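Before any comments, here is the structure.
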Amino acid sequence: MTAVESTTAKSANGMTETLVTIQVDGRPVSIPEGGTILDACSKAGVSTPTLCYAENLTPVNVCRVCVVEVENSRTLVPSCSRVAEEGMVVQTDSERVRHSRKMVIEFLDTSVDLSQTTAPTSNEAGGRNLADWAAEYGADSSRYGPAPQTMDEEVKIQDNLYIRDYDKCVLCYKCVEACGDDAQHTFAIAVSGRGFGARISTEFDVSLPDSACVYCGNCVAVCPTNALQFKTEFDLREANNWREEEQSVTRTVCSYCGVGCNLELHVQDDTIVKVTSPNDHSVTSGHLCIKGRFGWQYVQPTIQRKPS
Amino acid sequence: MADLHLTADRATTAESVAVDAALAAIGVDSALVMEDERLVRGGTHRRHARRHALLPALHALQTESGWISPGGLNYVAEVLQVPPAEAYGVASFYEMFRVDEAPGHDDDVVHVCVDAPCLEFAEAKIASLEAEGKHVHRSPCLGQCDRANANDGPALFIQGRQKANSVPADAPSLAGELWPLPQKHEPGLKLLKRVGRVDPTSLDSYVAMDGYKALARAFELGAEQVIEEVATSGLMGRGGAAFPTGIKWRGVAGADGEQKHIVANADESEPGTFKDRTIMENDPFALIEAMTIAGFAVGATKGWIYIRGEYPLATARLESAIEQARAAGFLGTAIAGAKSISFDLEVRRGAGAYICGEETALFNSLEGFRGEPRQKPPFPTTHGLFQQPTAINNPETLLNVLDIVTDGGAAYAASGTEGSNGQKLFCLSGHVTAPGTYEVEFGPTLREMIDVAGGVTGGELKAVLLGGAAGSFVGPDLFDMPLTMEATRAAGASLGSGVIMAFNEHTDFEAVCIRIAEFFKNESCGQCVPCRVGAVRQHELLIRSKGKVMNGELQLLEDMDRVMKDASICGLGHTASTAVRSAISLGLIGAN
Ligand SMILES: Cc1cc2nc3c(=O)[nH]c(=O)nc-3n(C[C@H](O)[C@H](O)[C@H](O)COP(=O)(O)O)c2cc1C
Ligand code: SF4
Ligand code: SF4
Ligand code: SF4
Ligand code: FES
């Protein structure tokens, strides 16, 4: 054991914080005590693939795509949840790490429709998406026989606000967390079943309108795979008319009440196609209620909101 | 109930009565809960406070209605203030709970074991049961591997509808017969010394055979000295991971926390394992006394026995033993006359899930959550049951403590071998003359153990599955290996939970291995990607390689094994490929 030097630094809010220093790929990195290995990787400028991790949710460390090698640990370690300890020696690009990350991507690619997992699945803004990581690690999904078992789910369209396409679900638990303890406290959805048969579900798979869902859309906002999708986006994609590159994003403040949630209006062809909220916003942390998320028809009275 | 949104389905009166009774049995008053809940609003704490009652409530529903009906689930959700989606997520996790549709008829469900060694007799039995119109469920290992043979067929467990669950083979025991120990009662027996001789339904009989002497001795030694003796003994856990018990107990004793727990991990679902059932059915007071000593040593006042749902006789014997011990002052406050010491015990039943034997999955299951393992650290010694300091041990591990306390840790350490101290139970099954639970002082070789059980039947011994489905096959080159922790480790094998499953030369190893792969596929909790998908891909690979020489597939199998070992959350994923790959190395499959 090396002696622990008590290093301190001023944090943004002026409080004194203790720092811990770990080695990431041979370079020392110091982060505030309590931070994770992933935080240290970000600080060191090391890009890490992530799927189940989100800065506004409690880590569940289930996807295992972010694993790193920690000296003296028998197995690899999920960087998103493991708290950095003084003196830890971490490898993020060893053969073991590359192998496990590659296999996780192959496993997901053979069982789930990842075609719309386009969001950056990395710890850096504007970072690489899953396809980039697949290329980086040389993932080869063709070697699993003629017909590997897949999620094999039909799209659930039960209302006019959002759809659920569990064929695209990687079971990252993010929607469950957003609906539950981490944001909404509605608990309309949970993980059901076991093993490969595990699915995100309401009780007895009752339809969303029959469930506890209050249509805040927070689950949609956190879903990394587009398994949960705003109906507006789904319809445009079905019509082959979803053109994300051409969309503009306008930031505004929700006018329904005095809380002051920031909204990002995504606009295509002068029409609002979805509403999000910035993750780093101090009021919302990315979460909204039904009014801010879906209540924009007054801006655009032409759009029909009645359930189909 | 302002906060919970429930569908319109309502429980039948019989369902709500059954749930209320199950809750009352564990000290949760449903009417009272609903009364004060009207006054309290929201919050995580409230969702968790009574959640541990969820599994008992679901058991009651399943027994009453033959399934978890939407109305019944709503009632449980309302009474316990658990969101219905979460309650459904829990119910649908377990093998013994049916959530898809109401049973078509009122019959019981006959669970037929389809794991080796029952495997070779299973399909014939299933066909004959189905011909009789029985509702059959193909079950993973039922922990009765000693009973599988050509005459009696595979192990059975009957899940009763509106009546208690039962095991047909328990009939003689229920009629009061003592279970015949397959081994002679030699003076050397320690763990099994009372088995087959003591009346398991009588505290007096237990006390007459030296029962509760160890607890008295523990009080004389004092808590710290008990831990010292256990540490000196070198006792290592018998649940599979072989962790030193003394270190575990010291950790719990030194951990901060008002409430600490002792948990006996009696989930016993590793295929080939049935030793804990032998103990619990035939000498239940011994486990209770050992847990009481453990509680005293680490400063825990609460003990739990988490027992697999398919062990009705052991459950009944333990529950009756706990009641008798409590009535006689051996449990409760001021136990055995020691004024300042309290310790009490509760039995909780699992509901069919191998993964719930993994210690942190067990905690989640007992707390009323899905049986998903937790990432470690933190460890159970500081963050165990209800996030409180917990010593969790296998029943066999705990039983060793009685002799350690009575004879001293040094005497225990002097027995056995250099790296494996004391006594060990082995579960012999498969192609041996007299399958059963056998006790030896560490030292005999694999071949000697098979001889103790009367030798191989039906031909030459071809391979042995050592340590269960999570263990590995060993071939003739290791038949003379001593069954110690050190020798098995050096050979790249493991004793695991003490499984010795013998296979003769006529075995269909392909069928055995495909079933092992299917077992892991079915039993994965599904939480982490490497195991959830890897176990399926491994099963697919074995099926498409059937009858073929495995060449190109070997690299893929190795790649999958590596990610499951390296990146899975728990031991299930870590070991899901071990047996299959060992079978390939030995040429048992993939080489024809
Ligand atoms: C998938 C899985 C299943 C397990 N099942 C059991 C079990 O049924 N009984 C048991 O005692 N330990 C089981 N274990 C091991 C426990 O996690 C734990 O190590 C053990 O209960 C500790 O007790 P011990 O130190 O006395 O062995 C299992 C582990 C895994 C990964
Ligand atoms: S929309 Fe909101 S309430 Fe409905 S499921 Fe998603 S997170 Fe839960
Ligand atoms: S629906 Fe989306 S957010 Fe929810 S578990 Fe699946 S992939 Fe994750
Ligand atoms: S390794 Fe398997 S059983 Fe263990 S947590 Fe992961 S999915 Fe669940
Ligand atoms: S991002 Fe770390 S395990 Fe999923």
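What follows is calculated from the coordinates using simple rules that are stated; it is not laboratory data. Keep in mind that what you see is a predicted model, and the values were worked out from it rather than measured. For neighbour counting, all protein chains shown are included, and Cβ atoms are generated from backbone atoms with ideal geometry for every residue, glycine included.
Tell me, B:52, B:539 in order of fewest to most beta-carbon neighbours within 10 Å?
Going from least to most buried by this count: B:52, B:539.
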Problem - Burial ordering of B:48, B:59, fewest other beta-carbon atoms within 10 Å first - result: B:48, B:59
Handout entry: Alpha carbon convex hull of region A:35-143, projected area averaged over orientations, nm²
Key = 7.1 nm²
Fill in the blank from the handout: Per-residue average of other protein chain Cβ atoms inside 10 Å, peptide B:534-542 -> 4
Completion exercise
Once both label points are put 7 Å beyond Cα along the C-beta direction, the residue B:49-residue B:591 separation in nm becomes 6.3 nm
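Partner chain Cβ atoms within 10 Å, averaged over the residues of A:95-105 - can you pull that number for me?
Details: counts 0, 4, 2, 0, 5, 9, 2, 2, 13, 7, 1.
The mean count of partner-chain Cβ atoms within 10 Å per residue comes to 4.
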Practice task
Beyond 21 Å between alpha-carbons counts as too far, so tell me which of A:231/A:291; B:248/B:521; B:376/B:424; B:193/B:275; B:184/B:462; B:376/B:565 fall in that bin.
Solution key: B:248/B:521; B:376/B:424; B:184/B:462
Practice task
May I ask you to order A:211-223, A:256-268 by the average number of other C-beta atoms within 10 Å around their residues, highest value first?
Solution key: A:211-223, A:256-268
Fill in the blank from the handout: The value for region A:146-211 (convex hull of the alpha-carbon atoms, volume per residue, Å³) is 97 Å³
Fill in the blank from the handout: For A:77-85, B:544-552, ranked highest to lowest by mean beta-carbon neighbours within 10 Å, the order is A:77-85, B:544-552
Fill in the blank from the handout: Listed by chain and number, the lysines with an alpha carbon less than 20 angstrom from that of residue B:134, same-chain partners under 8 positions apart left out, are B:125, B:163
Practice task
Using label points projected 7 Å from each Cα along Cα→Cβ, tell me how many nm separate residue B:184 and residue A:95, to one decimal.
Solution key: 5.5 nm
Problem - Contour excess over end-to-end distance, with Cα ends at residue B:224 and residue B:177 and 0.36 nm allotted per residue - result: 12.8 nm
Exercise for the section: With runs of 4+ DSSP H residues as the only contributors, calculate the mean residue ellipticity of chain B at 222 nm using -39,500 (n - 2.57) per run, divided by the residue total and rounded to the nearest 500. Expected result: -12500 deg cm²/dmol
Completion exercise
Kirkwood Rh for chain A from C-alpha pairs, in Å, is 21.2 Å
Practice task
Grab every C-alpha pair in the protein assembly as shown, bin the distances at 10 angstrom width from 0 up to the longest one, and report whole percents.
Solution key: 2, 11, 20, 24, 21, 13, 5, 2, 0, 0
Exercise for the section: Identify all aspartates and glutamates with a Cα-Cα distance to residue B:213 below 17 Å; exclude those on the same chain that are fewer than 8 residues away in sequence. Expected result: B:204, B:229, B:283, B:289, B:403, B:407
Handout entry: In nm, spacing of pseudo-spin labels at residue B:486 and residue B:138 (7 Å Cα→C-beta vector)
Key = 4.5 nm
Problem - Over chain A, relative contact order from alpha-carbon pairs under 8 Å, at least 6 apart, % - result: 12 percent
Fill in the blank from the handout: Residues whose built amide H sits under 5 Å from the amide H of residue B:445, excluding neighbours closer than 5 in sequence, are B:483
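Quick one: grab the alpha carbon gyration tensor of region B:203-413, order the square roots of its eigenvalues as a ≥ b ≥ c, and give me rounded if a/c is under 1.5, else prolate or oblate depending on whether a/b is larger than b/c.
Rounded, since a/c falls under 1.5.
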Practice task
List the cysteines in chain B whose Cβ has no other cysteine Cβ under 4.7 Å from it.
Solution key: B:141, B:145, B:356, B:427, B:513, B:525, B:528, B:531, B:570
Fill in the blank from the handout: About its Cα centre, region B:423-504 carries a charge dipole, from +1 on Lys and Arg Cβ atoms and -1 on Asp and Glu Cβ atoms, whose size in debye to the nearest 20 is 220 debye
Problem - Three-way shape call for region B:213-309 based on the alpha-carbon gyration tensor, with the a/c threshold at 1.5 - result: prolate
Exercise for the section: Mind sorting B:488, B:445 by how few other Cβ atoms lie within 10 Å of their own Cβ, fewest first? Expected result: B:445, B:488
Practice task
Name the shape class, rounded, prolate or oblate, that the alpha-carbon gyration tensor gives for region B:509-585, where a ≥ b ≥ c are the square roots of its eigenvalues, rounded holds for a/c under 1.5, and otherwise prolate holds if a/b is larger than b/c and oblate otherwise.
Solution key: prolate
Problem - Summed residue charge, Cβ within 12 Å of residue B:125's Cβ, Lys/Arg positive, Asp/Glu negative - result: -3
